[in-house]
Amino acid sequence: MKYYFLTGEPSGDLHASNCMKEIMKLDDKADFAFTGGDLMETLTGKKAAIHIKQMAFMGFIRVLQNIFTIRKNFKIVKDDILRYKPDLLVLVDYPGFNLRMAKWAHENNIKTDFYISPTVWAWKEGRVEIIKKYVNKLFVILPFEEAFYKKHNYKAYFVGHPLIDAIEQKKPTLKSKVDFIKENGLTEKPIIAILPGSREQEIEYMLGIMMEVTKSFSGYQFVVGGSTNLPASFYESLKQYNIKVVFNQTYELMSYAEAGIIKSGTSTLESALFKLPEVVCYKSGALSIKIAKLLVDVKYISLPNLIMDKPVVKELIQNDLSVKGISDELEKLLNDKPYREKMISDYIELEKQLGGQGASKRLAEALVKDAITKN
């Protein structure tokens, strides 16, 4: 069968590629076309119609600034799908783009499944109607999402969170702590991880603040998890702080760090699954934040807190994101043993709620079945 996967971010590249691996085990004639990243390209030996490096735009302002590129991307993808004629189109996350693609695919009689729900439970709840109208099946990864869609008279399918699989598959291949330290020129000091995000604007707004924190913790070495989606020049300013940057070693960094300063996003959940005590950071442009506050209806921004529906980790958002705010929380994570142990205990409960291993396999089984079944 022919599968077209459409994603636009690094996390989508990871989860789509893992699902593709499982599909290959079930369908020996599986063929793929896609937008995506290096993982999908390496797995299939094919080039993406558009690489995720040309698709990731964050925030209202950046989207407007790149509107012509986004329109061009729509045309490229539509033409590629029509040429390929997939048995099933699989839209992975990336809702601003993919919900529009769902409508277009429906109009062109292309069977479409959606994997990883848009955050309709946080904002733009009206998008539920788009999903109900244009998506064949929706596969969700957060346990509370099934109930949310049931409330809207739509059946969503909880398959578990794919990060559990991704992490368990990666663990046996991780470098040892000794090799990690040696190969990256680190010292024997305890490590604090800094994960500032994978987009230019995230780093522009937050990295400077994060770096100032390092001056107050001389007994530790801070290591930045760099993104290969950004040019190395983005990290040049770190030299003045004598901070090391590591690439493609985020899971090693999470494994061997004592605590983490983590940008809001998927990394907050990854940190939780690695049992890494963390402080969550988010800062954006003033206009983007004002617009978001008018639209977003959610108590938390980090995945651990959203899933557990309580403040498992400290969130420092916008004006609260300061050198003092990060430093105070980091001090607690490192030196307040009961506080640290409670966070790790909550992490263990969180992992149970996410459904355990097998999400990619469960999703693949459902997608193969849908690809075979005619509309």
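Quick rundown of the values:
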quantity: Least to most buried among F222, F247 (fewest other Cβ within 10 Å first); calculated: F247, F222
quantity: Cut-off 18 Å, label 7 Å out along Cα→Cβ of A232, residues of segment 179-198 by amide N; calculated: 183-186
quantity: Kirkwood Rh in Å, taken over all unlike Cα pairs in the chain; calculated: 21.6 Å
quantity: Structure-based [θ]222 nm, the chain - -39500 (n - 2.57) summed over DSSP H runs of at least 4, per residue, nearest 500; calculated: -14500 deg cm²/dmol
quantity: Subset of K78/K170; K239/K314; K103/K275 violating a 32 Å alpha-carbon distance limit; calculated: K78/K170; K103/K275
quantity: Difference of contour (0.36 nm per residue) and Cα-Cα distance, D309 to N184; calculated: 41.2 nm
quantity: Efficiency of FRET between K239 and D79 - r from beta-carbon atoms, R0 35 angstrom, step 0.05; calculated: 0.20
quantity: Full-stretch length increase - K299, Y157 - with 0.36 nm per residue and alpha-carbon distance subtracted; calculated: 48.7 nm
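Taken together, the values in this text are just the output of simple stated rules run on the coordinates, not laboratory data. As the structure is a computational prediction, the values presented were derived from the model and not from experiment. Note: ideal-geometry Cβ built from the backbone for every residue, glycine included; neighbour counts use all protein chains shown.
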